[in-house]
Amino acid sequence: MRARANTVGAGIDGCVDIGTGNVFVDLGFSDPEDRQLRVQLATRLNDLIQADGLTQSAAAKALGVAQSLVSELKNYKLSRFTSDQLVHCIKLLNGEVEVFVPRSSTDTVGNGSLMARTAV
């Protein structure tokens, strides 16, 4: 099921779609909020790995996973990761994660979904 965003202007079909703010909603994925959350967490985890100057092998050892999983993480191939696993890995590298759900009666798919804030 694809959520159609507002349209303005003129494109090939005479209109331009304005995104919802979540590319996974716009592309019609069945689990857009989870995918967006995992990308946010993976971005923070990759930032921590880079800031610590860890190689993929060193990161794998610190996280207790195979180096091939770190490679998947670095390339944002996240199908084998859950949000919980990514949060756990962030904590292993001494990162912090704050999860919040905005309260709004007007929340729609792509707006007001679960998000992660990470401390630097």
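Quick note: the coordinates plus some simple rules give every number you see, no bench work behind them. Every value quoted in this text rests on a predicted model; they were computed, and no experiment measured them. Please note: Cβ atoms are built from the backbone with ideal geometry, for glycine as well, and neighbour counts cover all protein chains shown.
Applying a DSSP loop filter and a limit of 13 other Cβ atoms within 10 Å to the chymotrypsin sites (Phe, Trp or Tyr not before Pro) in region 12-90 leaves TYR76. Computed from label points 7 Å out along Cα-Cβ, the spacing between LEU92 and VAL23 is 2.7 nm. Here the spin labels are modelled as points 7 Å beyond Cα on the Cα-Cβ line, and at ARG80 and VAL16 they lie 4.0 nm apart.
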